[in-house]
């Protein structure tokens with residue numbers, strides 16, 4: 001008679017029934033570990049069918065786990081009476097109706113999926129075309145959309161300072177704590193009914209310069225220009241008025257190449273001599289307390305002479321560098337500064353005939369240019385910030401008027417931290433440097 005072999009019996013631990021639930025968790029975790037190990041081997045196989053099968057199994061497992069997660073959440077919500085359940089926001093109601101159309105669900109299927117009544121879904125469909133902030137169903141608002149008061153701030157600033165282009169408005173607001181892109185400002189300005197002035201062109205990059213400024217005060221530019229008090233045209237021959245006072249002012253400007261700072265400016269009644277220009281440069285050097293290493297100028301008779309070169313050597317300045325007429329980058333820096341100053345002076349209702357009065361306007365314009373006007377070449381910094389090594393205002397913590405904008409997401413350049421909490425309402429405060437309406441000083445403050 002054959003002897004039956006006994007099956008091996010595993011001794012169960014004492015009080016094993018109390019550990020069944022813990023054992024289930026351990027078994028599921030071990031199963032997941034084995035599945036991940038096997039699936040990783042299949043995904044790394046050279047057989048494409050095995051790789052596809054591994055991806056399919058992983059997707060099926062994820063779907064099953066998500067369905068179980070939704071079932072658990074729905075069980076909790078079903079315990080609450082329907083009239084006491086929390087309401088869906090207007091944007092989520094629109095998302096539910098979109099999913100209903102994509103799925104082809106009926107009212108009952110949609111209501112069952114989202115734990116509402118069929119009458120509720122029907123009410124949403126009946127009121128889907130309502131407009132305004134109180135609409136029952138609303139489209140999602142992009143998280144990067146600025147509130148309407150930001151558009152008002154941009155348009156108001158353009159009204160107060162018509163000479164500012166979209167780039168300068170963006171840089172000015174960035175210094176006040178509101179970072180907007182130049183394209184965003186341009187779009188907001190286009191929505192304004194009245195005509196807007198074109199944006200200011202960026203300054204030339206100035207490639208290929210022989211002398212490169214390495215620090216403030218290293219290279220200075222000097223040039224002369226004519227600012228008319230009215231106009232130069234006349235009805236008799238030679239159909240032009242003489243370029244001298246009282247028909248025009250001759251203005252001398254000295255600019256630091258590295259920081260684009262106006263180091264000095266003055267006015268002459270007629271075209272100045274070399275001696276007058278040297279006296280002006282001497283006063284500018286005395287004010288700066290240091291002479292530059294190089295001077296860049298044009299071939300005007302005031303600069304291209306032995307007396308000027310001799311004066312440079314006496315001041316410790318190397319031989320002056322002369323910019324070539326018509327070549328890019330030769331004297332473009334000082335010419336661009338002069339263009340800005342002349343545009344600002346043209347905003348005056350009347351150009352003064354008195355030299356002291358004209359010098360006050362010229363000095364106020366240069367001071368505003370150095371202290372308050374952001375410079376495109378300098379990345380939105382002001383010339384004074386670069387010259388004196390100050391921390392730029394556009395890198396300080398900024399305001400964030402968008403409520404859903406993630407705090408860690410980048411903003412319009414330059415990047416800056418968020419000041420306080422998002423969804424900040426702001427008010428625009430514009431003052432004017434020395435009381436001049438064409439020299440705005442922009443500040444932003446939290447609305448009460």
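The values are calculated or read from the model by the stated rules, or taken from the named source; none is laboratory data. Note that the structure is a prediction, hence the values are computed from the model and not measured. Because the Cβ atoms are built from the backbone with ideal geometry, glycine has one as well, and the counts that use them run over all protein chains shown.
Taking region 119-147 on its own, how many of its residues are under 15 Å from residue 87 (Cα atoms) and either touching a residue at least 60 places away in the same chain (Cβ under 8 Å) or part of a loop (DSSP other than H, G, I, E, B) (or both)?
Residues meeting the conditions: 5.
Can you pull out the residues in region 284-304 that are more than 23 Å from residue 214 (Cα to Cα) and surrounded by 13 or more Cβ atoms within 10 Å (Cβ to Cβ)?
Residues of region 284-304 that are more than 23 Å from residue 214 (Cα to Cα), as a first pass: 299-304.
Matches in region 284-304: 300, 302, 303, 304.
Checking residue 67 against (1) modelled with pLDDT of 85 or more; (2) in a helix (DSSP H, G or I); (3) under 30 Å from residue 131 (Cα atoms), which single condition isn't satisfied?
Condition not satisfied by residue 67: (3).
Among the listed residues 61, 32, identify the single one that is surrounded by 10 or more Cβ atoms within 10 Å (Cβ to Cβ), outside the structural domain of residue 113 (by TED's automatic domain parsing), under 30 Å from residue 113 (Cβ atoms) and in contact (Cβ under 8 Å) with a residue 12 or more places away in the chain.
From the options 61, 32, the qualifying one is 61.
State yes or no: is residue 116 buried (at least 17 other Cβ atoms within 10 Å of the Cβ), over 39 Å from the mean Cα position of the chain (by Cα) and either in contact (Cβ under 8 Å) with a residue 60 or more places away in the chain or part of a loop (DSSP other than H, G, I, E, B) (or both)?
Details: buried (at least 17 other Cβ atoms within 10 Å of the Cβ): yes; over 39 Å from the mean Cα position of the chain (by Cα): yes; either in contact (Cβ under 8 Å) with a residue 60 or more places away in the chain or part of a loop (DSSP other than H, G, I, E, B) (or both): yes.
It is true that residue 116 is buried (at least 17 other Cβ atoms within 10 Å of the Cβ), over 39 Å from the mean Cα position of the chain (by Cα) and either in contact (Cβ under 8 Å) with a residue 60 or more places away in the chain or part of a loop (DSSP other than H, G, I, E, B) (or both).
Is there any pair with a first residue in region 374-395 that is at positive phi and a second that is part of a loop (DSSP other than H, G, I, E, B) whose Cβ atoms are under 9 Å apart and which are 6 or more apart or on different chains, and what are they?
Pairs that qualify, where the first residue is at positive phi and the partner is part of a loop (DSSP other than H, G, I, E, B), are 379/392; 379/413; 379/414; 380/374; 380/392; 380/413; 380/414; 389/216.
Residue-wise test of (1) surrounded by 18 or more Cβ atoms within 10 Å (Cβ to Cβ); (2) assigned by TED's automatic domain parsing to the domain that holds residue 181; (3) modelled with pLDDT of 90 or more.
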site: 362; (1), (2), (3): yes, no, yes
site: 366; (1), (2), (3): yes, no, yes
site: 395; (1), (2), (3): no, yes, yes
site: 403; (1), (2), (3): no, yes, no
site: 406; (1), (2), (3): no, yes, no
site: 423; (1), (2), (3): no, yes, no
site: 429; (1), (2), (3): no, yes, yes
site: 436; (1), (2), (3): no, yes, yes
site: 440; (1), (2), (3): yes, yes, yes
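It is to be established whether one or more residues within region 266-279 are touching a helix residue (DSSP H, G or I) at 6+ places or on another chain (Cβ under 7 Å), on the phi > 0 side of the Ramachandran plot and in contact (Cβ under 8 Å) with a residue 24 or more places away in the chain.
no
Among (1) within 22 Å of residue 445 (Cα to Cα); (2) in contact with a helix residue (DSSP H, G or I) (Cβ under 7 Å, 6 or more places away or on another chain); (3) modelled with pLDDT under 85, where does residue 144 come up short?
With (1) within 22 Å of residue 445 (Cα to Cα); (2) in contact with a helix residue (DSSP H, G or I) (Cβ under 7 Å, 6 or more places away or on another chain); (3) modelled with pLDDT under 85 applied to residue 144, the lone miss is (2).
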